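Report on the following structure.
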Amino acid sequence: MKKILAILLAMAMLASLGITAFADEEPIHLTLWTFQELHTQLYKEMLDRWNANPDNPKLDIDMQVYPYEDMHNKLTIALQTGEGAPDIVDIEINMFANYLKGDIQLADMNDIVEPMEDHLIMSRFNNYAKDGKFYGIDHHIGACIVFYNTEILEEAGINYKDIKTWDDYHEAGKVVLEKTAKPMCTWESKDCWSIYPLVNQHGGDWLTPDNEVRMDEQVVIDTLAFMKSMLDDGTAVACPGGNHHAEEYYGWMGAGGAASVSMPFWYLNRFTDYMPDLAGKMKVAPMPLWSDGGHKSAQMGGTGTAVVKTSKNVDVAKEWLAYATLSFEGCVATWQILGFDPIMTDVYGSEEMKAPNPFFDYYGDDIFDVLQGVLDDIPDTCLTDMFPTAADIVRNQMAYDLVITGLSPEEIAHNCAEELRDAM
Amino acid sequence: MDESAKTGRPLAKRNLLLNPKVVPYVFIAPFLIFFLVIYLYPFISTILMSFQRIDGPNSVEWIGTANYQKMFNRNFKQALATTFRYAFWDVVVLTIVPLIFAVILNSSNVKFPSFFKSLYFVPALTSTIVVGIVFRLAFGTLPTAPANRLLALFGQPAKDWLMFPDSGNFVLILLTLWRWMGVNIIYYISGLQAIPTDLYEAAKIDGANSVQQFLHISLPGIKPVLIYVITITVLGGFAMFTESVALWAQNNPGGVGRTIVGYMYLMGFYKNNMGMASAVGLVLLGLVLAVNLIQLIAMGFFRKED
Amino acid sequence: MKHSNRIDGRRQRVKTILYTTLMFITAALLMVPFYFMFLSSLKPGTEMLRNGLSLTFDPGVSSFKNYEALNTYREGIYWSWYKSSLIIMVLQTAVGLVLSSMVGYGLAMYRFKGRNAVFTLVLILMMVPFEILLLPLYRMLIKAHLTDTYFGVILPYLVPPFMIFFFRQYVLGLPKELLEAARIDGCSDYGVFFRIMVPNMIPAYGAMTILSCMNSWNNLLWPLIVLNSNEKFTIPIGMGTTITPYGNAFDVLMPGAVMAVVPIIIVYLFAQKTFIAGLTSGSVKG
């Protein structure tokens, strides 16, 4: 009996030793850089869930938040010198092409992306790809939609659901202007969130994959001409503060400045965060269509989360990233925590996405009906190594000349295209 | 003197260190060591990089003077013009206005001079980025922006201040003046106070008025300080970057938002082209050097010391 | 004679009133942005977006809550940033003052071979845009294993050229006879510097203390490249994370910016005292 007891005791001790040994297992340390503090909320949540599963190797991720521009500078320096880079890093979409030059310092993610291909919106991955290899994972589609201020529209006697085409939109704008003296929308004068979505939805882009300039194509001129026609009759005005992220715009729009704005899906949280006074008045709707072709929406903005090649733990970093961003639960958490439109088709229509959340309170519960209606027809964007240059020209020249200088659409398109060709 | 006796050997060493020929070099040694150890390599490396195309740590390509040839495009010229315009007004305004204030504050005609001096200095202590936000809002687009309200008082229409080169440059200069006036006032006052008061007394007896006193006594008296102020103002004017970022971020409406340093930044970081950025930086260095040399020679700077 | 004196006295009084009023108005104007920063640091961020720049104090929405929030924002990390900024400021200023005053003094007081060459080098170094040196400087830092250290942050500022320049200009105004007289008294050149010249240079030290503290306190680019851990960040880096192209976190930014001015004002007041005392002691220049 004593013997058995002793054996049992010994076994128990061994077991407990084993358990403690397991619990004390040294976690793998990873470093993550981001320029968006909000993202760390998602990462922390997904890290806790990862570590709660005993089958996973324990991870300890040191998340460093840097100022936006400066994080990219620091990353450039670290990658150029080959030292000091983190394991995982958030890279803004406009900057991404910079890190795909020459000898690429990022790890390819085909092994985690390809198995999921059928469940993902793959055009989001092409933005961060080169030569068939995927280097970044996005958190959202960034599908462009229109945010309508129903209070203003009702005052003008307009039902936003009747607006099907851009011509309808313009006509509605005239009524709004006449009845309420308010503009239908604002065009940005120093940024790309007005011009690029419209051009892209219309079927245009700035570059071909071989870096041929497309800025002076007819579709760009037509789009600019439409935008200018709205400026000319006052249905569109220059955006206060110059872009839809300016403090002045938030204040002005929040006080009922314009009847609508077209922005990507992720703009949802700008309204909830910065324009709380409009709660219950704003509704989302698909972009109006172009009568001469084009698509239902456009995908804009984004952050490519990448794993750095020089990391000592490339594999486990990728595994965790796949869990955090490419899994069903990761994508649901992306909506719940960040308010983004996840990149996984499976989540749309699922019960988990319908759980109550501040966005439904603000906009009503048809947000995803709107989104699902456009998902099947969103064009690719072409992000070559010249894209940062093109984006710079659009922000600083095209938008400025359209809204402030008031040049003709042909002149604008021609000048900008020349500028881009010169920079090649 | 005893120490040398105790330690024996160092007598020669001490003598060497005390040798009048050696003494000056001991004083300047910290700078020489600092330069050789910390700056010489980066400096040479930058010159080399300006002849390279750098795509990553392992893909560096020698491309001769291609960076320099490609540099002079429309954007660069625009940045150059913006920088020169800013630097010109910066030097004019920031040399003259603080000088006037310094002379007034230094005269016996102002009550509480040290109170004002302290107050004028406070803006220099704040962060440019945060103050930039304040200025950006003050000179905003809407009719309700403070600057536009002021215009409305005079019956003028609202202005989109930051969207045009002239008014944008005006706001930039105002921001710089706001921030740096107090600093330059203090430099000037330190120079003015060092001028012996009996010089002014003598001039008064000779019947000189205050303008004459200023021209013949104050101005020559503060010349070393004036040279310093102008030199660093020229430098600050050409190196300006933070202020424009604070007002426009990476945007460049009408060409006013981007200076040469901003352009360099755009090349190096936004477009990840370190070779080009180095070339732009070196051209900027040459330019600033030339402007400063002309100014220093014009002020008799090198003549005076030899 | 008496008559003209009276007119003179009246003119002086009018002048005093005029000038003092001018100084007062200017001071008030300069304080406006500052006043605004303080006011908005008391309000919730959304209030600022709603009403834009407002100069009226609204007790209904104002409170010190934002300041309390600095203690809880990301587990009170603001105060770690504060500490790092202070450490770097003190180190950088102390080392910079000592070394550059020596060099500036040497360049002004002595004639020696290569003086103009060295001084030109100082001027050139002052003019080099720091941004282009980042990459090679960082390479050196890695080789020296100084990344993520405070010493790495102050390394490029050990002997700041603009300080050398200022000290040189200042010493040029000091009488050279001081050196000769002290030498005759049997004092070594180094003794002259430390015992006689340094006390005479106190106003210059005062001015440069303020300038150096300001530069260090507001420096962003280099500390950001060197430092890797969030708790070692300086205030400008930390505050920078609250400013994004997609909207600013004013609730943290404004009180953070106001609090950040406090130590530098203390330095200023302290240095200003020495500074003015030095200037008015009359020992400067003859």
Compactness of segment A:98-149 as Cα Rg over 2.2 N^0.38 Å, two decimals:
1.40
Proximal charge balance of B:Ser210 [Cβ under 10 Å; K/R count +1, D/E count -1]
+2
Between A:Met424 and C:Ser63, the FRET efficiency computed from the C-beta separation at R0 = 60 Å comes out, to the nearest 0.05, as 0.60
Alpha-carbon Rg/Rh ratio, for chain A, with Rh computed the Kirkwood way:
1.05
For segment B:20-166, what does the alpha-carbon gyration tensor say about shape, rounded, prolate or oblate, given a ≥ b ≥ c as the root eigenvalues, a/c under 1.5 as rounded, and a/b over b/c as prolate?
oblate
Note: segment C:2-57 at 20 °C, 1.002 mPa s; Kirkwood Rh on alpha carbon pairs; Stokes-Einstein D in µm²/s works out to 150 µm²/s
Separation between the A:Thr405 and A:Glu154 pseudo-spin-labels, each 7 Å from Cα along Cα→Cβ, expressed in nm?
4.4 nm
Setting aside same-chain residues fewer than 8 positions from B:Lys159, which lysines have a Cα under 24 Å from its Cα?
A:Lys182, A:Lys190, A:Lys228
On the formula 1/(1 + (r/R0)^6), with r taken between the Cβ atoms of A:Gln372 and A:Asp103 and R0 of 45 Å, the FRET efficiency rounded to 0.05 is 0.60
Once every DSSP H run of n ≥ 4 in the protein assembly as shown is given -39500 (n - 2.57) and the sum is divided by its residues, what mean residue ellipticity at 222 nm do you get, rounded to the nearest 500 deg cm²/dmol?
-17500 deg cm²/dmol
Among A:Leu79, C:Ser212, A:Met109, which residue has its Cα furthest toward the positive end of the charge dipole of the protein assembly as shown, with +1 on Lys/Arg Cβ and -1 on Asp/Glu Cβ?
C:Ser212
Quick check on the exposure proxy: order B:Thr259, A:Thr150 from fewest to most C-beta atoms within 10 angstrom.
A:Thr150, B:Thr259
Could you sort out which of B:Lys77/B:Lys117; A:Lys101/A:Lys318; A:Lys130/A:Lys283; A:Lys101/A:Lys283; A:Lys130/A:Lys164 sit more than 30 Å apart by Cα distance in this structure?
B:Lys77/B:Lys117; A:Lys130/A:Lys283; A:Lys101/A:Lys283; A:Lys130/A:Lys164
Computed magnitude of the charge dipole of segment C:66-280 (debye, nearest 20; Cβ of K, R +1, Cβ of D, E -1)
640 debye
Rounded Å value of the spacing that divides the Cα centres of segment C:12-85 and segment C:135-151:
38 Å
Which ordering of A:Leu407, A:Leu42 is given by a fewest-first count of other beta-carbon atoms within 10 Å?
A:Leu407, A:Leu42
Can you tell me the FRET efficiency between C:Ile17 and B:Ile100 if r is taken as the Cβ-Cβ distance and R0 is 22 Å, rounded to the nearest 0.05?
0.80
Straight-line reach from B:Lys223: which lysines fall under 20 Å, measuring Cα to Cα and dropping same-chain residues less than 8 apart?
B:Lys304, C:Lys176, C:Lys285
How are the alpha carbon pair distances in the protein assembly as shown distributed across 10 Å bins from zero to the largest one, expressed in percent?
2, 10, 18, 22, 19, 13, 8, 5, 2, 1, 0, 0, 0
Cα centroids of segment C:198-227 and segment A:387-424: how far apart, whole angstrom?
43 Å
Alpha-carbon Rg/Rh ratio, for segment B:72-305, with Rh computed the Kirkwood way
1.03
Final fewest-first order of C:Tyr35, A:Tyr267, A:Tyr66, C:Tyr110 on the 10 Å Cβ neighbour count is C:Tyr35, C:Tyr110, A:Tyr267, A:Tyr66
Do any of A:Lys133/A:Lys296; A:Lys309/C:Lys143; A:Lys74/A:Lys309; A:Lys44/C:Lys65 go past 18 Å between their Cα atoms, and which?
A:Lys133/A:Lys296; A:Lys309/C:Lys143; A:Lys44/C:Lys65
State log₁₀ I(q)/I(0) for segment C:66-280 at q = 0.10, 0.19 Å⁻¹ as given by the Debye formula over alpha-carbon point scatterers of equal weight, solvent excluded.
-0.55, -1.35
Using alpha carbon centers only, segment A:29-51 is separated from segment A:208-283 by a whole-angstrom value of 31 Å
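Values quoted throughout were computed directly from the atomic coordinates according to the rules given, and no laboratory measurement underlies them. Remember, predicted model here, so these are calculated numbers, not experimental data. Heads up, the Cβs are rebuilt from the backbone with ideal geometry, glycines too, and the neighbour counts pull from every protein chain shown.
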